[in-house]
Amino acid sequence: MDLFDDIEREAVLPLAPGAALLRGFARDDATALLDAVAGIAAQALFRHLVTPGGHTMSVATTSCGALGWTSDDSGYRYTARDPATGRHWPAMPNTLRQLAQNAAKLAGFAGFTPDACLINRYAPGARLTLHQDRNEHDFAAPIVSVSLGIPAVFLFGGMKRSDPTRKLRLAHGDVVVWGGPARLRFHGILPLAHATHPLTGDCRINLTFRKAGSARER
Ligand code: MD3
Ligand code: FE
């Protein structure tokens, strides 16, 4: 559109040690990514998981890749099969894997090989309370997150739940790479405000690419 679009597109904005924001990095691929998500969700339906504490999540979730994330009364974990069907999770499409690897490389994590992509769907009002992602085998690998559709306010905390949080608006096409010392920081999403986006209607889709398994699980 203007002179700064291209500059912005490739800019890696440091957020904190180990965390980098790539504003709009996925914008041009958004239609292809959302088509891929629709294909995955046709095989592994979005579902509202129940936490070990018995709460039904407001966010709807599915996965693709060798491993997918699930939750039930016995805990959070990654599994090779979708518990809802007993079938393997849908394969991770190359368009998704490539985007995650390109973003990771720009942020300094060349060689990132995700084996799981968690797909979160937020309707207005849905939220994710402050948490750490610790179910993955290897904390040396980063997590790459891709935001699509209506915007959200992301909360970025510290290493303790009680640490102060910063707010960051994540909009359509934004990619964030969370590695190194940022990998185990607390984070969450505030209740989503009502909005509409031409590609997703009234929802937000978030993809998080992870290296979840050990060498033998992959
Ligand atoms: C910072 N998802 O799926 S993505 C999650 O927008 C999750 O759906 C949010 O938190 C979402 O676990 C936030 C950004 C994100 C993902 C993982 C992180 C930030 C992170 C792991 C460590 C530090
Ligand atoms: Fe998380």
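The values are calculated or read from the model by the stated rules, or taken from the named source; none is laboratory data. For clarity, every value in this text was computed on a predicted model and none was experimentally measured. In this analysis, Cβ positions are derived from the backbone assuming ideal geometry, glycine residues included, and neighbour counts consider all displayed protein chains. Heads up: the accessible areas ignore ligands, DNA and RNA and are worked out on the full protein's heavy atoms, side chains in. Shrake-Rupley method; radii C 1.70, N 1.55, O 1.52, S 1.80 Å.
Tell me which residues, restricted to segment 173-218, are farther than 23 Å from His131 by Cα, part of a loop (DSSP other than H, G, I, E, B) and open to solvent by 10 Å² or more (accessible area, probe 1.4 Å). I'd like the intermediate steps shown before the answer.
Taking segment 173-218 and keeping what is farther than 23 Å from His131 by Cα, we get 173, 194-202, 215-218.
Okay, now just the ones that are also part of a loop (DSSP other than H, G, I, E, B), so 173, 194-196, 198-200, 202, 215-218.
Correct list: His194, Ala195, Thr196, Pro198, Leu199, Thr200, Asp202, Ala215, Arg216, Glu217, Arg218.
Inside segment 135-152, can you point out the residues that are more than 22 Å from Gly108 (Cβ to Cβ), within 10 Å of ligand 1 (Cβ to nearest atom) and either over 15 Å from the mean Cα position of the chain (by Cα) or open to solvent by 10 Å² or more (accessible area, probe 1.4 Å) (or both)?
Selection gives Asn135 alone.
Just for strands (runs of 3 or more DSSP E) wholly inside segment 1-106: which have at least 2 residues that are without any contact (Cβ under 8 Å) to a residue 60 or more places away in the chain and loosely packed, with under 15 Cβ neighbours inside 10 Å?
Working: elements: 13-16, 19-22, 60-65, 68-72, 75-79.
Where strands (runs of 3 or more DSSP E) fall fully within segment 1-106 and carry at least 2 residues being without any contact (Cβ under 8 Å) to a residue 60 or more places away in the chain and loosely packed, with under 15 Cβ neighbours inside 10 Å, they are 13-16, 75-79.
Could you please give the count of residues in segment 154-172 that are surrounded by fewer than 18 Cβ atoms within 10 Å (Cβ to Cβ), in contact with a Pro (Cβ under 7 Å, 6 or more places away or on another chain) and aliphatic (A, V, I, L, M)?
Qualifying residue count, segment 154-172: 1.
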